[in-house]
Amino acid sequence: MGLLTFLSACIGGPSLDHYKGSEPPLNLQEYFTGPIKAWGVIQDRKGHVTRRFDVTMNGTWEGDTGTLVEEFKYYDGETQERIWTIKRIAQNQYEGTAGDILDTAQGHVEGTAMQWAYQMDLPVGDKTYKITFDDWMFLMNDGVLINRSYLKKFGITMAELTLFMQKQDQ
């Protein structure tokens, strides 16, 4: 019985319930309003950094609907823009869409954490792969938000993305 409980805990993965009541609480609409600067890396399955990038973001909200403009600058010279439309659909629950996101992203906030899940067709070289993103965001002090993304194919983590965001003065 003990082994079964241990294996279930390992397979089940993290739960947002663990973060209920944690401080500081993440207010998504407040955090993603105004300018944000971010720095990130992508690591392959072996942990090697394969890409580094900087991001400038700016968010605006009208009621329960927000727009987040992300401008990526990769260290290899590539640039990319993504514009999210994010809607608060219930207490601590959000949906999001963007031009390169398949269907709708689903998000849930508990305490200081948010889980954000979506799929996209990710171009890699001359091929495109349908990848599932499992994002976990954690609010820190001083306007810092840490984002850990697990990029999965067939349920297997193929790469990880780490992003550090910091709110900027308006």
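Per-residue answers, yes or no, for (1) within 15 Å of the chain's Cα centre (by Cα); (2) at pLDDT 95 or above; (3) surrounded by fewer than 10 Cβ atoms within 10 Å (Cβ to Cβ):
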| site | (1), (2), (3) |
| --- | --- |
| CYS10 | no, no, yes |
| PRO24 | no, no, no |
| THR33 | no, yes, no |
| ILE36 | yes, yes, no |
| GLY40 | yes, yes, no |
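Kindly evaluate LYS37 against the criterion of being of a type in the set (Lys, Arg) and under 16 Å from LEU163 (Cβ atoms). In short, yes.
In the stretch 99-119, the residue that is most open to solvent (accessible area, probe 1.4 Å) out of those that are over 13 Å from the mean Cα position of the chain (by Cα) and of a type outside the set (D, E, K, R) is GLY99. Taking the condition of a type in the set (D, E, K, R) and open to solvent by less than 40 Å² (accessible area, probe 1.4 Å), does ASP134 pass? Against the criterion (of a type in the set (D, E, K, R) and open to solvent by less than 40 Å² (accessible area, probe 1.4 Å)), ASP134 qualifies.
Does ASP17 count as open to solvent by 70 Å² or more (accessible area, probe 1.4 Å) and either polar (S, T, N, Q) or at pLDDT 95 or above (or both)? Judged against the criteria, ASP17 is not a match. The criterion of at least 3 residues that are more than 29 Å from ARG52 (Cβ to Cβ) is met, among strands (runs of 3 or more DSSP E) falling completely within the stretch 68-111, by 79-90, 101-110. Here is the figure for the stretch 158-170: residues that are closer than 20 Å to VAL124 by Cα and open to solvent by 50 Å² or more (accessible area, probe 1.4 Å) total 2. Taken together, the residues in the stretch 148-168 that are in contact (Cβ under 8 Å) with a residue 24 or more places away in the chain and over 14 Å from ARG45 (Cα atoms) amount to 6.
Go through the residues of the stretch 141-156 one by one and say whether even a single one is under 26 Å from THR65 (Cβ atoms) and more than 12 Å from the chain's Cα centre (by Cα).
Step one: list which residues in the stretch 141-156 are under 26 Å from THR65 (Cβ atoms), which gives 143-147, 149.
From what's left, more than 12 Å from the chain's Cα centre (by Cα): 143-144.
Within the stretch 141-156, one or more residues are under 26 Å from THR65 (Cβ atoms) and more than 12 Å from the chain's Cα centre (by Cα).
Being open to solvent by 50 Å² or more (accessible area, probe 1.4 Å) and either under 23 Å from GLY34 (Cβ atoms) or within 16 Å of the chain's Cα centre (by Cα) (or both) is a property that THR128 lacks. Among the residues of the stretch 53-74, are any at pLDDT 95 or above, within 23 Å of GLY21 (Cβ to Cβ) and touching a strand residue (DSSP E or B) at 6+ places or on another chain (Cβ under 9 Å)? No.
The values are calculated or read from the model by the stated rules, or taken from the named source; none is laboratory data. Because the structure is predicted, anything quoted here is derived from the model rather than measured. Don't worry about glycine lacking a Cβ; one is built from the backbone with ideal geometry, like all the others, and counts go over all protein chains shown. Side chains included, ligands, DNA and RNA excluded: accessible areas come from the protein's heavy atoms. Shrake-Rupley method; radii C 1.70, N 1.55, O 1.52, S 1.80 Å.
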